[in-house]
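One structure below.
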Amino acid sequence: MTTVVDRRPGVDSAYAWRVAFVSTFCIVLGGGAIYLPVVALKEIASEFGDRRAVPSMAYMLGFFAMGVGGVFMGWLADRTSPRVPLLIAGVSILAGGWLASRGTSEWALYLGYMIPLGFLGNSATFTPAMNNIQGWFDRRRSTAVSLISVGPALSGFTWPQVYRWLLPEHGWRETLIIYGVTAGVLLFLCAFYVRPSPVARAKAARPAEDLSGLRTSSLSLMAVLSAASFCCCAAMAVPFVHMVAFCGDLGLSPGRGSEAIALILLTAVAATFAMGRLSDRIGPLQVSILCSAIQVVSLTGYVFVQSLAGVYTLSRIHGIPYIAIVQGYALILRRLYGPTIAGWRLGVVMLFAMAGMAVGGWMGGAVFDATLSYRPAFQLALAFDLLNLMLLGALYFRQGRVRWLTTFGR
């Protein structure tokens, strides 16, 4: 009798690490389009009646569609392979860059950002990668998850610098086409390297989700976490999306605004790994509460800041919770529901997080158009963050302070 040996790469293998890095690279590629309305906000608005709500709306639709698409792409990857969403993303981003740049009406911009760039493009990179990579690791899972988590920040650091170099010579329309061709082709090629994890291949043996350890209803927990993720991301997006324009209103060059965005994202990369380690010691819910409090400090500062040094300082503070607080929601879910957690739960919470980023980006532009000042927009963002802090605090005390303090590290 012949024994068949499975020679495919296993958990914690060298290939698993290569998949982690390739997946992060795909996230960097897929997220690029969403940052063009941030860097070229004034240039895009000038073609649509100087309405800053137009690029803000494109940003909002792109982020919201990415959140909805993330649930769909996670489902698709579970039933096929994480390779399939990446193939779809490659084709869609290439087509979306062309579509969003061609129309003379803002509706072409909206449609391009919503469907091919958002729902079918960017959404196919993060959620499938996060679900897949956890099945490739056992001993170093938290490090691998942190690596995937910083992908959006690396994207946000890289592409604004590329756009800053391309925009003066090519304009925002041709720059978007260049992005679409570059990212689309590379994503399509990278897709052939990514395989399903050993855990996904053996998912038929996975036990049913166990809700017996919850201290309150699952519906209530999902509602609180979803609302909290929406509020924190809506607050986060206002200064981030409008940083270049805000710096311009202060009399600073667009380059200084791009540098402030880079500071937010570079700080976010470092803080993600540091907060991940802190979560192992004190718990992810406590870390998310800490991140929310830090965001209160930065948003309060943006209401009053006038100098470049102040903008740079606040950008560093704002970057600390930029990714870490969202990563915390994934860790909170796993802590509450255990290892048998249904995959769709993270998709739903991330949908509300993306919706928050979408609404916050649009809200900043709409409030500015109504008041001709960013101060009311920052004040509104601060109100959203205070609500987030209250929701997380309520969850902490509702679930039981003693339970959170004694169960971490298991």
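The values are calculated or read from the model by the stated rules, or taken from the named source; none is laboratory data. What you see is a predicted model; the values in this text were computed from it and never measured. Cβ atoms come from the backbone with ideal geometry, glycine included; neighbour counts cover every protein chain shown. All accessible areas refer to the heavy atoms of the entire protein, side chains included, with ligands and DNA or RNA removed. Shrake-Rupley method; radii C 1.70, N 1.55, O 1.52, S 1.80 Å.
Restricting the trypsin sites (Lys or Arg not before Pro) of region 105-155 to loop positions (DSSP other than H, G, I, E, B) with no more than 11 neighbouring Cβ atoms within 10 Å leaves 139. Over all other residues within a Cβ to Cβ distance under 13 Å of residue 127, the charged ones net out to 0, with Lys and Arg as +1 and Asp and Glu as -1. Evaluating 6.51 cos²θ - 1.76 cosθ + 1.60 at θ = phi - 60° for every residue in region 269-278, the Karplus couplings come out as 4, 5, 5, 4, 5, 5, 5, x, 5, 5 Hz, glycine and proline recorded as x.
Note that region 292-338 presents 31 Å² accessible area per residue, ligands and nucleic acids not counted, probe 1.4 Å. Expressed as a whole percent, the accessible area of region 252-370 that falls on carbon and sulfur atoms is 73 (1.4 Å probe).
Result for the chain in a Gaussian network model with C-alpha springs under 10 Å: among 377, 293, 183, the largest mean-square fluctuation is at 293. Per residue, region 20-96 exposes 32 Å² of solvent-accessible protein surface, assessed with a 1.4 angstrom probe and all protein chains in place. Residue ranges 234-244, 278-288 sort as 234-244, 278-288 when ordered by packing (mean number of other C-beta atoms within 10 Å per residue, highest first). Simple point charges give the picture: +1 on the Cβ of Lys and Arg, -1 on the Cβ of Asp and Glu, and for region 64-207 a dipole about the Cα centre of about 660 debye. Think of it as helices only: each DSSP H run of n ≥ 4 in the chain is worth -39500 (n - 2.57), and spread over all residues that comes to -26500 deg cm²/dmol at 222 nm.
Solvent-accessible area of region 3-132 (1.4 angstrom probe, protein heavy atoms only): carbon and sulfur portion equals 67 percent.
Once the 1.4 Å probe is applied to the protein heavy atoms, region 103-201 comes out at 41 Å² accessible per residue. Considered as an equivalent ellipsoid built on the Cα gyration tensor, the chain has semi-axes of 34, 27, 17 Å, the largest given first. From the alpha carbon centroid of region 279-322 to that of region 230-274 is 11 Å. When the chain is modelled as a GNM with alpha-carbon springs shorter than 10 Å, which of 151, 251, 364 fluctuates the most? Fluctuation is largest for 251. Of 219, 76, 389, the residue with the greatest mean-square motion in the GNM of the chain, using alpha carbon springs below 10 Å, is 219.
A simple charge model with +1 on the Cβ of Lys and Arg, -1 on the Cβ of Asp and Glu and nothing else charged puts the dipole of the chain at about 1400 debye relative to its Cα centre. The 3J(HN,Hα) values that the Karplus relation (6.51, -1.76, 1.60; θ = phi - 60°) gives for region 250-256 are, in residue order, 7, x, 9, 6, x, x, 5 Hz. Gly and Pro appear as x.
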